[in-house]
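The values are calculated or read from the model by the stated rules, or taken from the named source; none is laboratory data. Quantities reported herein were computed from a predicted structural model and do not represent experimental measurements. We place every Cβ from the backbone using ideal geometry, glycine too, and count neighbours over all the protein chains shown.
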């Protein structure tokens, strides 16, 4: 006989208590490093900039040779990026210089070209006061050779990859992404693009769940659609075991009806069931267990329930395993309409968000909340959270929300 329904917070706590962040590492090319987590401190292999560099187009000179506006200097050469001036700057001399070029030996300032008047005979006259050190990027201003610039555990983004490249790293050591096998079950399912019989539907939640896994830092192994047959389900579970995945996600069939064969098949393969049946709507038949080193997460077959459970449980699980920071989806809004009293299950109502004339977020729940309706899930910005036994909520009252998308509109 089934036990009491488990509160959402307790279910999540128990799930994450089993999560062991990745320790295995791999080296990936720099072009593939964005979105990965750095496995060790990263030190610069060189000094940047490697020389005193000009920050502007102009003239490199000695400040003492231009003590006043109107000073005249002889231009003795040119320094461009990748083509340094070979000599040095002496008394009364200047070198035409361009942004990023090495400042010639002897020069201690750069006069920008707008502040110089060109004269005959390769000469210039200053039209602005000259100060030592201006418009020069000193050697090592960005970082020095051996300096640790990125720390282990950094979730690499475009800026991190850019500085890693500047530090002369062609590849980076990162933590391995958690591998997640996904099995969809049900005789009624066929893949998108197929021609369903009158008693069949298109399998859709596989794609949403895979997208959640990828966005959280996981790598998906799609084991396809498996019919309602114990031997076929057990064979698919066996393929997940052979692939040595970190997490096995099943979609559908986790309850105990005549056609719900997943839980029995998993137990037959050795799964230790931790819990199932959560006090939430949608998503009550969530199942959590472990099998030969894999964490097992059985999501409901209904696409809306599957995605709601995926956001609440699968996303934080994969994020934890991948060593990424947990995404905070919590928010607060006021209700656009009154909400009826709730029963013993925590409710998640699909809703749109807008802002009122006071700048407050206003959550408007869709009138129909049937868990088979994917269209309104795609149109939703948030889920209004109705705690167990919550009393009726009048319009305009504060309510917690789970954010699905940014709230900038």
Quick one: is residue 206 surrounded by fewer than 13 Cβ atoms within 10 Å (Cβ to Cβ) and under 28 Å from the mean Cα position of the chain (by Cα)? no
Six or more apart or on different chains, Cβ under 6 Å: which pairs go from a residue in segment 279-306 that's without any contact (Cβ under 8 Å) to a residue 24 or more places away in the chain to one that's part of a strand (DSSP E or B) and surrounded by 24 or more Cβ atoms within 10 Å (Cβ to Cβ)? Could you list them? 289/296
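Picking from 79, 74, which residue would you name as being over 34 Å from the mean Cα position of the chain (by Cα), crowded, with 21+ Cβ neighbours inside 10 Å, more than 30 Å from residue 218 (Cα to Cα) and at pLDDT 95 or above?
Just one listed residue meets the conditions, 79.
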When you scan segment 315-338, how many residues do you find that are assigned to a loop (DSSP other than H, G, I, E, B), touching a strand residue (DSSP E or B) at 6+ places or on another chain (Cβ under 6 Å) and more than 27 Å from residue 243 (Cα to Cα)? 2
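Yes/no per residue for (1) outside the structural domain of residue 239 (by TED's automatic domain parsing); (2) under 22 Å from residue 375 (Cβ atoms):
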| site | (1), (2) |
| --- | --- |
| 279 | no, no |
| 293 | no, no |
| 302 | no, yes |
| 340 | yes, no |
Being assigned to a loop (DSSP other than H, G, I, E, B), in contact (Cβ under 8 Å) with a residue 60 or more places away in the chain and either farther than 23 Å from residue 53 by Cβ or in the same structural domain as residue 42 (by TED's automatic domain parsing) (or both): is that true of residue 121 here? no
In segment 362-374, residue surrounded by the most Cβ atoms within 10 Å (Cβ to Cβ) [restricted to those that are modelled with pLDDT of 95 or more and not in a loop (DSSP other than H, G, I, E, B)]: 363
If only one of 164, 152, 107 is surrounded by 17 or more Cβ atoms within 10 Å (Cβ to Cβ), in contact with a strand residue (DSSP E or B) (Cβ under 9 Å, 6 or more places away or on another chain) and part of a loop (DSSP other than H, G, I, E, B), which one is it? 107
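Look at residue 143 and say whether it is touching a residue at least 12 places away in the same chain (Cβ under 8 Å), buried (at least 17 other Cβ atoms within 10 Å of the Cβ) and more than 24 Å from residue 263 (Cβ to Cβ). Let's see the steps before the verdict.
On the way: touching a residue at least 12 places away in the same chain (Cβ under 8 Å): yes; buried (at least 17 other Cβ atoms within 10 Å of the Cβ): yes; more than 24 Å from residue 263 (Cβ to Cβ): yes.
Answer is yes for this residue.
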Residue 327 is checked against (1) touching a helix residue (DSSP H, G or I) at 6+ places or on another chain (Cβ under 8 Å); (2) at pLDDT 95 or above and fails just one. What number does that condition carry? (2)
Conditions (1) more than 30 Å from residue 245 (Cα to Cα); (2) assigned to a helix (DSSP H, G or I); (3) touching a residue at least 60 places away in the same chain (Cβ under 8 Å) -> residue 312 fails only (1)
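Against the condition assigned to a loop (DSSP other than H, G, I, E, B), surrounded by fewer than 17 Cβ atoms within 10 Å (Cβ to Cβ) and assigned by TED's automatic domain parsing to the domain that holds residue 131, how does residue 100 come out, does it pass? Even if it seems obvious, please write down each step before you answer.
Numbers: assigned to a loop (DSSP other than H, G, I, E, B): yes; surrounded by fewer than 17 Cβ atoms within 10 Å (Cβ to Cβ): yes; assigned by TED's automatic domain parsing to the domain that holds residue 131: yes.
Spelling it out, residue 100 is indeed assigned to a loop (DSSP other than H, G, I, E, B), surrounded by fewer than 17 Cβ atoms within 10 Å (Cβ to Cβ) and assigned by TED's automatic domain parsing to the domain that holds residue 131.
Within segment 53-66, which residues are over 37 Å from the mean Cα position of the chain (by Cα), under 14 Å from residue 133 (Cα atoms) and in a loop (DSSP other than H, G, I, E, B)? Break it down stepwise before answering.
Filtering segment 53-66 down to residues over 37 Å from the mean Cα position of the chain (by Cα) leaves 57-66.
Narrowing further to those that are under 14 Å from residue 133 (Cα atoms): 58-66.
Of everything in segment 53-66, those that are over 37 Å from the mean Cα position of the chain (by Cα), under 14 Å from residue 133 (Cα atoms) and in a loop (DSSP other than H, G, I, E, B) turn out to be 62, 66.
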Against the condition farther than 30 Å from residue 290 by Cα and either in the same structural domain as residue 162 (by TED's automatic domain parsing) or part of a loop (DSSP other than H, G, I, E, B) (or both), how does residue 19 come out, does it pass? no
